[in-house]
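As structure tokens, the structure follows; a few thoughts come after it.
Derivation of every value follows stated rules applied to the coordinates shown; laboratory data play no part. Please read all numbers here as calculations on a predicted model, not as lab measurements. When we count neighbours, we look across all protein chains shown, and the Cβ atoms used for this are built from the backbone with ideal geometry, even at glycine.
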Amino acid sequence: MVIKPSRLVAPSLLAGGYPCIMVDLSIPAAYEPLLWWTRSSVPPYRYYVYEGGRSSGKTTTICQSLVLRGAVTSIRVLCAREFQNSISESVKKSLEAAIKTLGLGGYTITNDSITHVNGSSFIFKGLHVDAETTVKGLEGIDVCFIDEAQFISKHSLDILLPTIRKDGSTIIFALNPLTPADEVMTRFVTKPNREVASRTVHRHVTYRVLLRAGLLPNEVLEQVREAKDSPDFAHIWEGAPIEDVANRIISWQQLVGAETVDPADGGVVFGVDVARLGADRTAVAINQGGTIVDLVSWHHTRLTESAETIRQLADRWKPAAINVDDCGVGGGLTDMLLQAGLPVQPINSAARAKDSVRYPNINSELWFDFSEKLQSGAIRINADLPDKNALYDELSTRSWKLNTKNQRQVQPKAEYKQSNNVGSPDLADSVLLSAYEPAKYTSWVVDVV
């Protein structure tokens, strides 16, 4: 079914005497709920969840519905993402394209805003660094559109949702799920409470909804055919959770299974992934005899402050070793902890792996070493671990490949961050470091007489 309304806007919905807007718009039936405002002034749902694969029309159709509504009546739209370091990473270009495609007048587009002569405005925000500060003061929001919503954290949603409180306000999510426990999927689709379920419309969409409607470009159909045998096809094109895709090092099920492993005995090892003043965070995983018992992280601190926090943790846990990622700013933290007399083991992830036949560097060895320990039952994870879902996301979404030397090579961090539009996997790195045993080299004491 394809909806082809010639007149989307009824005169009774117009405000301020603006002329009736006539458009030729064809959309798949799955997106019909987005046009509720053409029939009523009261939305039938508060939450609109569109999840699925590439070329399913999610962002394009949502943006078209928003700019059409914004051209008809004055609305305030918040366009949010978990990670947005600049306006170029927002949906602003998609909104601009929708305005151009539909031939809508009255809009003014600047470098960082979109407004209409009737008072409509589009605001663009990232939530990751400090959601509370980011959304503070955002009163009177009519629509909140969260793109790439698979990355939205529980913390961000807990702060954002109560902020969108205007009568008749709606929240739209567009996402390609990463794991079964993505916060949006859990809260609104798989495990919603009765009240949320009654106020939510959910649609799983793929390229097939455009294909059936005759709206899928031929070049995209060719891309689909070429990608059929790709190990990532199920996730990228069908919208399946990424853990069901080949070439993942660790699965979500393995991590959940590790929560019920019998605890082991042994000393405490810290794994420390270091950040400084940017959006990334410093993370400390506390591994007690193979059990990840705690996970502590913080943002926006100088190395001296991080060193003091780790010293306090060490006073409590008495670690036998503190494995620190010694690359970049980690080298400075290593020196401070050594000066404090702590049992630091600096680990350079770019250095030669212990098993240099199988792995090109320690970074790849860290991942596969942890995966093998998971499979053997040597790792247990505290089921009440702080930021557990975020950790599982980071651990279960990294891929690998064989390099030209037939070594197992983990996807480079920069590529992972760019392809998934996420920040640094700091929690995962700290956990991997806590479970890694650096090479022990023979030492000699030589007396010269």
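Shape class of the stretch 324-411 from the Cα gyration tensor (axes a ≥ b ≥ c, square roots of the eigenvalues): oblate, since a/c reaches 1.5 or more and a/b does not exceed b/c. Bridges between two residues of the stretch 284-368, per DSSP, are antiparallel at a rate of about 55%. Under 5 Å from the amide H of CYS79 lie the amide H atoms of ILE123, PHE124, LYS125, PHE145, each residue being 5 or more positions distant or on a separate chain, with H modelled from the backbone and absent for Pro and chain starts. Model label points for ALA97 and TRP298, set 7 angstrom from Cα along the Cα-to-Cβ axis, are 4.3 nm apart. With 0.36 nm allotted per residue and the present C-alpha distance subtracted, the ASP158-ALA340 stretch has 61.6 nm of extension available. In this simple spin-label model, placing a label point 7 Å from the Cα along the Cα-to-Cβ direction at both LYS417 and VAL357 gives a separation of 3.5 nm. Beyond 17 Å, what percent of the Cα pairs of the stretch 153-290 remain? That fraction is 76 percent.
Once the chain from GLU139 to TRP400 is taken as fully extended at 0.36 nm per residue, the excess over their C-alpha distance is 89.5 nm. If a/c stays under 1.5 just call it rounded; otherwise compare a/b with b/c (prolate if a/b is bigger, oblate if not). Do that for the chain, with a ≥ b ≥ c from the square roots of the Cα gyration tensor eigenvalues. Judged from the Cα gyration tensor, the chain comes out prolate (a/c at least 1.5, a/b above b/c).
Estimated from the Cβ-Cβ distance and a Förster radius of 45 angstrom, the FRET efficiency linking GLN375 and GLU32 is about 0.45.
Per-residue 3J(HN,Hα) values for the stretch 168-176, derived from phi via the Karplus relation 6.51 cos²θ - 1.76 cosθ + 1.60 with θ = phi - 60°, read x, 6, 10, 10, 10, 10, 10, 7, 10 Hz in sequence order (x marks Gly and Pro). Let a ≥ b ≥ c be the square roots of the eigenvalues of the Cα gyration tensor of the stretch 252-434; is it rounded (a/c under 1.5), or, if not, prolate (a/b larger than b/c) or oblate? Rounded, because the longest to shortest axis ratio a/c is under 1.5. Taking a spot 7 Å from the Cα of VAL256 along the direction of its beta carbon, which residues of the stretch 159-197 have an amide N less than 18 Å from it? 177-193, by backbone N distance to the label point. Could you estimate the translational diffusion coefficient of the stretch 284-338 from the Stokes-Einstein equation, with Rh from the Kirkwood formula over C-alpha pairs, at 10 °C and 1.306 mPa s, in whole µm²/s? The estimated diffusion coefficient comes to 133 µm²/s. Taking every DSSP bridge with both residues inside the chain, close to 40 percent are antiparallel. Taking amide H atoms as placed 1.01 Å from N in the peptide plane, the amide H of ILE27 lies under 5 Å from those of ILE3, each 5 or more residues away in sequence or on another chain.
Along the chain, counting only chymotrypsin sites (Phe, Trp or Tyr not before Pro) with a DSSP assignment other than H, G, I, E or B and at most 16 other Cβ atoms inside a 10 Å radius, the longest segment between sites is 46-440.
Residues whose amide H lies under 5 Å from that of GLY52, counting only those 5 or more places away or on a different chain, are LEU175, ASN176, VAL205; hydrogens are built 1.01 Å from N in the peptide plane. Couplings 3J(HN,Hα) for the stretch 32-41, derived from phi with the Karplus relation 6.51 cos²θ - 1.76 cosθ + 1.60 (θ = phi - 60°), are 4, x, 5, 9, 4, 6, 7, 10, 8, 8 Hz, where x marks Gly and Pro. Look at ASP325, ASP158, ASP142, ASP369 and count the other Cβ atoms within 10 Å of each Cβ; fewest to most, that gives ASP158, ASP369, ASP142, ASP325.
Measuring between their Cα centroids, the stretch 141-205 and the stretch 304-348 lie 39 Å from each other. Exceedance of the 21 Å cut-off in Cα-Cα distance is limited, within the set LYS125/LYS166; LYS58/LYS125; LYS388/LYS417; LYS92/LYS413, to LYS92/LYS413.
Note on the stretch 252-434: antiparallel DSSP beta bridges, both residues inside, total approximately 65 percent of the bridges counted.
Starting with the fewest neighbours, write out LEU68, LEU25, LEU216 ranked by other beta-carbon atoms found within 10 Å of each beta-carbon.
LEU25, LEU216, LEU68
Sequentially through the stretch 423-433, phi angles give Karplus couplings (6.51, -1.76, 1.60; θ = phi - 60°) of x, 5, x, 5, 5, 4, 4, 5, 5, 4, 5 Hz, Gly and Pro residues having no value and appearing as x.
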